[in-house]
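The values are calculated or read from the model by the stated rules, or taken from the named source; none is laboratory data. It should be emphasised that the depicted structure is a prediction, and the values quoted were computed from it without experimental measurement. Neighbour counts run over all protein chains shown; Cβ positions are idealised from the backbone, glycine included. Just so you know, the surface numbers come from the protein's heavy atoms only, side chains and all, with ligands and any DNA or RNA stripped out. Shrake-Rupley method; radii C 1.70, N 1.55, O 1.52, S 1.80 Å.
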Amino acid sequence: MTPPTDSPAIAPRSTARPWITCVVPAYNEAESIAEFLCGLCAHLAGLSERFEVLVVDDGSIDATSQQVIAQPGPIRLLTLSRNFGKEAAISAGLEEADGEVVVIIDADFQHPFPVIDEFIEHWQQGYDMVYAVRRERNTDSKLRRQLSRMFYQIMSRMSSVRIPEDAGDFRLLDRKVVHALRRVPESNRFMKGLYSWVGFRSIGISFTIEERRSSSSKFNFLKLLDLATTGLTSFSNLPLRLWVGVGSLISLLSIFYAIYILMETLIFGNPLAGWATLVVAVTFLGGVQLLSIGILGEYLARIFNEVKRRPNYIIAAKHGFPNE
Ligand code: UDP
Ligand code: MG
């Protein structure tokens, strides 16, 4: 089943077999990357006369780069100077990708190659972006799935940018989408949000995600939490604005309470009660204030990061590029 399209008017493209660049972010994938590239190149050769694979080694500490260089085929390699994270690795790849279409795919065999055929078919129909939607996420733990669902629910309520649930980085981008993404300079990069933010005619197709071929996921709980916070803060200002509402409500309630106390004192006198109320009010308000300052701090830290204007990644070495 194909989920409904995000945008209506499309016109079929004439190019039958496009020039494909595959961007592959890889972090410590030495164990299986040779086999992966072999399979990927064989598959792409069946799809187009012109293709290339652009591997971005995201600061691996194993032999990922050496494995890639030893591999035959139209393969280029960018090695980042340290581990900058998957979002940065993808951005580096998109910066250098020359293809008419760019396919982003993980290096761990979780994204089946035949889905690329469907990507190309939809691109030929006129779509500028085709994203793969996981049919079920059995490869993730139950907790990760629940948290992820929660994240998408919060995100859809808080942000005006519609981010399709269970769609990841596995997708095809037309060259013009790649050019649009290159114009986004922000350092708090949440790619899933940026894909939606740039717009264009997009469609989701469902696929069944495979098991990871070797080792385990590179994303631990803290990394995912950080990614989720980046997503929320860079696509919604609601956490900041919320406190105007909370503050107003508390002020309003306290006015009513003041009137109530005044009346009580006037009518029944003042026996100096209310110690418990006072403690509850002080601690509750203290909590609310710290929480809101914390949220302010979260945004402030991200603004600080942004104004430093550091590059999102540093390239340590290139392989297979004409001028290197
Ligand atoms: N990856 C990366 N940098 C990182 C973490 C991961 O380039 O800091 C790559 C990794 O090599 C793989 C892809 O991103 O090709 C997805 O990573 P992983 O399979 O660990 O994530 P999951 O499938 O659990 O989302
Ligand atoms: Mg994976």
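Given the conditions (1) in contact with a Ser or Thr (Cβ under 8 Å, 6 or more places away or on another chain); (2) open to solvent by 50 Å² or more (accessible area, probe 1.4 Å); (3) of a type in the set (Lys, Arg), report the number of the one that residue 241 does not fulfil.
(1)
Being of a type in the set (Gly, Ala, Ser), touching a strand residue (DSSP E or B) at 6+ places or on another chain (Cβ under 9 Å) and part of a helix (DSSP H, G or I): is that true of residue 65 here?
Working: of a type in the set (Gly, Ala, Ser): yes; touching a strand residue (DSSP E or B) at 6+ places or on another chain (Cβ under 9 Å): yes; part of a helix (DSSP H, G or I): yes.
So residue 65 passes the test.
What are the residues in segment 72-89 that are surrounded by fewer than 22 Cβ atoms within 10 Å (Cβ to Cβ) and assigned to a loop (DSSP other than H, G, I, E, B), if any?
Answer for segment 72-89, where residues must be surrounded by fewer than 22 Cβ atoms within 10 Å (Cβ to Cβ) and assigned to a loop (DSSP other than H, G, I, E, B): 72, 73, 74, 81, 82, 83, 84.
Can you tell me which residue within segment 91-112, out of those that are of a type in the set (A, V, I, L, M) and within 16 Å of residue 132 (Cα to Cα), is farthest from the chain's Cα centre (by Cα)?
101
Conditions tested, residue by residue: (1) in contact with an Asp or Glu (Cβ under 6 Å, 6 or more places away or on another chain); (2) free of Cβ contacts under 8 Å to residues at least 60 places away in the same chain; (3) β-branched (Val, Ile, Thr).
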position: 64; (1), (2), (3): yes, yes, yes
position: 73; (1), (2), (3): no, yes, no
position: 78; (1), (2), (3): no, no, no
position: 81; (1), (2), (3): no, no, no
position: 86; (1), (2), (3): no, no, no
position: 95; (1), (2), (3): no, no, no
position: 118; (1), (2), (3): no, no, no
position: 167; (1), (2), (3): no, yes, no
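Looking for something farther than 30 Å from residue 44 by Cα, open to solvent by less than 30 Å² (accessible area, probe 1.4 Å), part of a helix (DSSP H, G or I) and away from ligand 2 (no atom under 16 Å from the Cβ) - is there at least one such residue anywhere in segment 212-228?
Scanning segment 212-228 turns up at least one residue that is farther than 30 Å from residue 44 by Cα, open to solvent by less than 30 Å² (accessible area, probe 1.4 Å), part of a helix (DSSP H, G or I) and away from ligand 2 (no atom under 16 Å from the Cβ).
Within segment 148-161, does at least one residue satisfy the condition of being farther than 22 Å from residue 102 by Cβ, part of a loop (DSSP other than H, G, I, E, B) and within 16 Å of ligand 1 (Cβ to nearest atom)? It would help to see each step written out before you state the result.
First pass over segment 148-161, keeping only residues farther than 22 Å from residue 102 by Cβ: 148-160.
Now restrict to residues that are part of a loop (DSSP other than H, G, I, E, B): 159-160.
Checking the rest, the ones that are also within 16 Å of ligand 1 (Cβ to nearest atom) come to none.
Taking every residue of segment 148-161 in turn, none turns out to be farther than 22 Å from residue 102 by Cβ, part of a loop (DSSP other than H, G, I, E, B) and within 16 Å of ligand 1 (Cβ to nearest atom).
Do we find that residue 209 is at pLDDT below 90, within 16 Å of ligand 1 (Cβ to nearest atom), under 26 Å from residue 52 (Cα atoms) and open to solvent by less than 70 Å² (accessible area, probe 1.4 Å) in this structure? It would help to see each step written out before you state the result.
Details: at pLDDT below 90: yes; within 16 Å of ligand 1 (Cβ to nearest atom): yes; under 26 Å from residue 52 (Cα atoms): yes; open to solvent by less than 70 Å² (accessible area, probe 1.4 Å): yes.
When the stated conditions are applied, residue 209 passes them.
Among what's in segment 38-62 and is part of a helix (DSSP H, G or I) and within 16 Å of ligand 2 (Cβ to nearest atom), pick the residue that is most open to solvent (accessible area, probe 1.4 Å). I'd like the intermediate steps shown before the answer.
Here is the first cut: in segment 38-62, the ones part of a helix (DSSP H, G or I) are 38-47.
Filter once more, keeping what is within 16 Å of ligand 2 (Cβ to nearest atom): 39-40.
Values: 39: 26, 40: 0 Å².
Checking each candidate, the answer is 39.
So which residues in segment 169-192 are surrounded by fewer than 20 Cβ atoms within 10 Å (Cβ to Cβ) and not in a helix (DSSP H, G or I)?
Residues satisfying the conditions are 169, 183, 184, 185, 186, 187, 188.
Consider only pairs whose beta carbons are under 8 Å apart and that are at least six residues apart or on different chains; among these, list those whose first residue lies in segment 103-114 and is within 10 Å of residue 22 (Cβ to Cβ) and whose second residue is charged (D, E, K, R) and away from ligand 2 (no atom under 12 Å from the Cβ).
103/171; 104/171
Pick from segment 193-206 the residues that are touching a residue at least 60 places away in the same chain (Cβ under 8 Å) and among the aromatic types (Phe, Trp, Tyr): which of them is most open to solvent (accessible area, probe 1.4 Å)?
Selected residue: 200.
Please state which one of 82, 50 is within 12 Å of ligand 1 (Cβ to nearest atom) and basic (Lys, Arg). So that I can check it myself, show each step before the final result.
Values: 50 fails: within 12 Å of ligand 1 (Cβ to nearest atom).
Checking each option against the conditions leaves just 82.
Being modelled with pLDDT under 95, within 16 Å of ligand 2 (Cβ to nearest atom) and of a type in the set (A, V, I, L, M, F, W, C) is the filter here; which residues of segment 91-112 pass it?
107, 109
Going by what's in this entry, would residue 156 be described as open to solvent by 10 Å² or more (accessible area, probe 1.4 Å), among the hydroxyl-bearing types (Ser, Thr, Tyr) and within 16 Å of ligand 2 (Cβ to nearest atom)? Before you say what the answer is, go through the steps one by one.
Values: open to solvent by 10 Å² or more (accessible area, probe 1.4 Å): yes; among the hydroxyl-bearing types (Ser, Thr, Tyr): yes; within 16 Å of ligand 2 (Cβ to nearest atom): no.
Here the answer is no, as residue 156 does not meet what is asked.
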